[in-house]
Amino acid sequence: MIRVKIKKEQLKLIFNRLKTSHKIIGPKINNDVIVLTEIADFYDIPFGYREQQGKGTYRLTKGSSQFFSFSVGPDSFKRFVNPPAREIFAFKKSKKRISIMSSNKSSAMSNEKSDSSQLAMVRVVQHSSSLPFLFVGMRACDIAALRLLDKVFLEGHVKDTFYDSIRRSSLIIGVNCLYPGDNCFCSSINTGPEIKDGFDMAITELDKSFLLEIGTPSVREMIDELPVENASNEDIAEKDSLIANCKKNMKKTIDISELPWLIYKSLEHPRWTDIANRCLACGNCTQVCPTCFCNSSYDYLQLSGISKKIPELSGTRIRSWDSCFSTNFARVHGGNFRPSRRARYRQWMSHKLSYWIEQFGSLGCVGCGRCITWCPVGIDITQELEVLKK
Amino acid sequence: MYDKTIPFDAAIRWIKKETRDTTTYAIKIINREIQRLYAFKPGQFNMLYLPGIGEAPISISSAPIDNEIMHTIRIAGDVTTHISRLNTGDVIGVRGPFGSSWPLEEIEDRDLMIIAGGVGIAPLRSVIRHLLVGKRRKKSSIQYQTGKKIILYGAKTPKDMIFRDEFPRYMDAFEVFLTVDKADPEEYWRGEVGLITGLLNKVSFNPLNTVVFMCGPEVMMQSMVRELMLRGVPGEKIFISMERNMNCGMGICGHCMFGPKFVCKDGPVFRFTDIEGFLGIKEI
Ligand SMILES: Cc1cc2nc3c(=O)[nH]c(=O)nc-3n(C[C@H](O)[C@H](O)[C@H](O)COP(=O)(O)OP(=O)(O)OC[C@H]3O[C@@H](n4cnc5c(N)ncnc54)[C@H](O)[C@@H]3O)c2cc1C
Ligand code: SF4
Ligand code: SF4
Ligand code: FES
């Protein structure tokens, strides 16, 4: 691992260098909340902010002398690799023909060698011209969450080519958390606070400088052009003690030693009913969670009239985030498999803390605490898990 | 391989009405390259797509050995209603095949009992035809021909019985036992009347040598499994096909989750013992 340090102000050189080749996505204040959005440069980063997070509360406060003293807000980077809504394909339908215009690169290949006289479906490849993403300020939990999404979208039965192309082209500049949010519990599930891998560059904000750890050659080349110094042993010791401190200050934990069995044996626990009496089934927890991936596809129609030239029907098929809390999520003809909120909360938490392990080999929770902060009634996954033990 | 997130075109070759609400469609994949690459196993399903209306998961009711891909569809809602309005020559979108299949290797040297309720016979017809047509054509499925083979099928009334005209042919290779919940006074009916579980008393089978393939309403399957196990059939030898809401068909949308399983990719066919812990749990 290459470790260098740079004067704090000089971090902007890295931004300036990358801003022509990448679309920079990072933290920015919007309506008193730190969101993730396209940022123009280094100075958009909310310098000197901390926040107080509680069950169902979030307040930004000024008063630190650090760049990165805030922790995670409601947004997660999943919105950029797996957008809230996106087109899967556009279609036109006439009487005897469905034409699909795919926005998916790989799908073009299947028709390459085919007999065009037999071809009823035409697939047009659309290349997106926008710049690749540079994700700035990703925390250890967010990087861990992205690796979980990789398991879903890249390592399953099919590869999501859209996700894949964004994922492969994006650069990740992570930031080690030194001040845990009040709802964070990454350290108890080993997803943070220190970023150990999965980054192109990881930043630690020391007292006087930024310590930069270089993960990939794409960033290494650039570092050679910048006014950097080698990091000393003292710098590394400073980082280690700051991170140890962060761990020590983390207020919440979950005990993973009994998972997934604890959930399996608690599926009929009376606590689920108690939670259901508070839960609004609003789905906020699933929207803010960086690993929740459930989605639905539906057709968005344009009625183009009936003329000889214009097809009868055209539109796009859209895939958008959905939530296991939605009323119709498990509905089939003749009924709904999970009509009660009790069952829907149980499904969500059981998925996060146990089913994931069987499905993808690790917990579906990275301990970011977002679901606790953004639950309007303050339901706290760590506390509910504790109760299930009793 | 072609992209299973994007539907391909298939044309309806012929249509056969089975009952008042259920119809069999034979479809042909139009793109030759996809036609060549498309291969399925009995028990798998396709997502059928009508632009502007939506998609529905539908089992393949023909066998791989058949010349056509067939779907047997009961009208349940939007997509299936619109399919019921299509004619020969019309084009539908198809994604697939998806899901697990009936484990044919399990029935080598063993007896097979097929148990179906209602439209649940559709995915099992694929196995039935695989064995039947295979036997007639002396194709590879011959290796599964040694054991005894039984079909138990239950429908609401004789009029709701799907493939009723085909059962005489099935008798070439299977012992067939049919039952209806209610016999219809106007219909000539010489099968049983009563729940499908009752049929178990009429069949003679060796529980320790029998493999069960079952598909039907969940409550039916639950009581059937109980009866079978009481008679000594090991849970490891019972395979059931499950139904859940489906949207993607390939494990990325979350709709079909059943405990830790994705019905679309880990199922729809499950070994009973792999899911038994979740079967009785309400609203899982
Ligand atoms: C693996 C599998 C194989 C199947 N095989 C067959 C078959 O061979 N023949 C057959 O007739 N039926 C089969 N079904 C059932 C069939 O998928 C449903 O009846 C169908 O989805 C109804 O679609 P629809 O658009 O007509 O109804 P909709 O208009 O979608 O809906 C009717 C009701 O069903 C709900 N629903 C939505 N999605 C699904 C879904 N994926 N499955 C069930 N209900 C849903 C709706 O919310 C609504 O309440 C199968 C289902 C599965 C999961
Ligand atoms: S379940 Fe809650 S704490 Fe865990 S990753 Fe999702 S939002 Fe974060
Ligand atoms: S747990 Fe909270 S955030 Fe999640 S659905 Fe219930 S009320 Fe909404
Ligand atoms: S249908 Fe989408 S995960 Fe199974």
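The values are calculated or read from the model by the stated rules, or taken from the named source; none is laboratory data. None of the values given here were measured: they were computed from a predicted structure. Methodologically, a virtual Cβ is constructed for each residue, glycine included, from the backbone with ideal geometry; neighbour enumeration extends over all protein chains shown.
Things to note:
- Unique residue being basic (Lys, Arg), within 16 Å of ligand 2 (Cβ to nearest atom) and surrounded by fewer than 19 Cβ atoms within 10 Å (Cβ to Cβ) when the list is A:Lys265, A:Lys251, A:Lys247: A:Lys251
- Of the helices (runs of 4 or more DSSP H) that lie entirely inside segment A:342-390, those containing 2 or more residues that are buried (at least 22 other Cβ atoms within 10 Å of the Cβ), modelled with pLDDT of 95 or more and near ligand 3 (Cβ under 10 Å from one of its atoms) span A:370-373.
- Of the criteria (1) surrounded by fewer than 20 Cβ atoms within 10 Å (Cβ to Cβ); (2) assigned to a loop (DSSP other than H, G, I, E, B); (3) more than 10 Å from chain B (Cβ to nearest Cβ), which one A:Phe325 fails: (1)
- Which numbered condition B:Thr210 misses (of (1) free of Cβ contacts under 8 Å to residues at least 60 places away in the same chain; (2) touching a helix residue (DSSP H, G or I) at 6+ places or on another chain (Cβ under 9 Å)): (1)
- The residue that is surrounded by the fewest Cβ atoms within 10 Å (Cβ to Cβ), among those in segment A:154-211 that are of a type in the set (S, T, N, Q) and part of a loop (DSSP other than H, G, I, E, B), is A:Asn190.
- Checking each residue in segment A:328-348 for being more than 8 Å from chain B (Cβ to nearest Cβ) and closer than 18 Å to B:Glu218 by Cα picks out A:Gly335, A:Asn336.
- Condition check for A:Thr373: of a type outside the set (Gly, Ala, Ser), over 17 Å from the mean Cα position of the chain (by Cα), more than 16 Å from ligand 1 (Cβ to nearest atom) and more than 8 Å from every other protein chain (Cβ to nearest Cβ): no
- Residue within segment A:298-311 that is at pLDDT below 95, more than 8 Å from chain B (Cβ to nearest Cβ) and surrounded by 16 or more Cβ atoms within 10 Å (Cβ to Cβ) present: yes
- Extreme residue, farthest from B:Met220 (Cα to Cα), among residues of segment B:236-284 that are within 10 Å of chain A (Cβ to nearest Cβ), of a type in the set (A, V, I, L, M, F, W, C) and more than 12 Å from ligand 1 (Cβ to nearest atom): B:Ile252
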